[in-house]
Amino acid sequence: MIANYHTHTARCHHASGTEREYIEKAIAEGLEIMGFSDHVPMPFPDGHQSGFRVRIEELEDYIRTLEALREEYKDRIKILIGFEAEYYPAYFDAMMELIAPYDYDYMILGQHFIDNEMSPYVSAPVTDEALLTRYVDQVLAGLATGKYTYLAHPDVYNFVGDEDVYYKHMKRLCEGCKQMDIPIEVNLLGLMGGRHYPSNRFYRIAGEVGNVAIIGCDAHHTKDVADPEALRAGEEFAAKYGLQVLETIELRDPKK
Ligand SMILES: [Zn+2]
Ligand SMILES: [Zn+2]
């Protein structure tokens, strides 16, 4: 691995380690590019405070800390400043406006909820086709904005209903990603944690469609950065489905 674009910081309130520790681990593992993608702060109109993302008042510190480290480490590693963000149609404009004043590099799409986080977490098992349809529609609409560089854990949606229904909609998702030239992520956090993603049934479809993949550490602890055992597992997983795996990625400028 020479580049990882999926890293969290303690500011999302469920990860540990300082930015410096993540960067030092990345250098020790031989990475050339280290992208931070903490959960984007989200201004909910009713004052709802998220428990798993950077708080609005922490945004400034997130950016300034990484800017200082980017400068300090510039001769040793390329630091990128990004966000993992959902696409919640009703809140998207406010979210983009909130982060617009900052000089950040990229966003990845991680659709942890449908519509907003007051709705059920997408990892909760569901059997309702209407919900799966909405998940896929929102992910595709989010990617169509052109703001997102890649799709994180595309198969985070835990549909446990009819397999034909799963196939139909996830094929639509894979085809949309292919058309828009969006890489899909093999998520090492899920793989090593024995989560329901990355799932064989999803990547079988991706292999059939011919999607391009990227391996993402989704690091929540320093040890997760380019962990050799996890990387091996990720590469084997992608190889099983014949997916082309990108080593580095072309960033989409969220400000365009
Ligand atoms: Zn995520
Ligand atoms: Zn993540």
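Read-outs: derived from the displayed coordinates by stated rules, not from any lab. Remember, predicted model here, so these are calculated numbers, not experimental data. Every residue, glycine among them, receives a Cβ derived from its backbone with ideal geometry; neighbour counts consider all protein chains shown.
General observations
- Compactness of the range 122-256 was expressed as the Cα radius of gyration divided by 2.2 N^0.38 Å, which yields 1.02.
- The chain: DSSP helices with Cα axial extent of at least 30 Å and average Kyte-Doolittle hydropathy no lower than 0.5: none
- Kirkwood Rh and Cα Rg combined as Rg/Rh, the range 116-155: 0.98
- Residues Val165, Val160, arranged from fewest to most other Cβ atoms within 10 angstrom of their Cβ, appear as Val160, Val165.
- Spherically averaged projected area of the convex hull of Cα atoms, the range 50-181: 9.1 nm².
- On a per residue basis, the convex hull of the C-alpha atoms belonging to the chain measures out at 112 Å³.
- Selection from Met42, Tyr62, Met96, by position along the positive dipole direction of the range 35-116 (Cβ): Tyr62
- When the pairs Lys223/Lys256; Lys178/Lys223; Lys74/Lys256; Lys78/Lys147; Lys78/Lys240 are compared against a 29 Å limit on Cα-Cα distance, Lys223/Lys256; Lys178/Lys223; Lys78/Lys240 fall above it.
- Look at Lys256, Lys25 and count the other Cβ atoms within 10 Å of each Cβ; fewest to most, that gives Lys256, Lys25.
- Test item: Cα-centred dipole of the range 170-211, Lys/Arg +1 and Asp/Glu -1 on Cβ, debye: 200 debye
- Here's the picture: a label point sits 7 Å out from the Cα of Glu97 along the beta-carbon direction, and within the range 117-155 nothing has its amide nitrogen under 17 Å of it.
- Panel note: the C-alpha atoms of the range 79-147, placed on their principal axes, show extents of 41, 24, 22 Å (largest first).
- Net charge of the neighbourhood of His221, taken over other residues with C-beta under 10 Å away and scored Lys/Arg +1, Asp/Glu -1, is -1.
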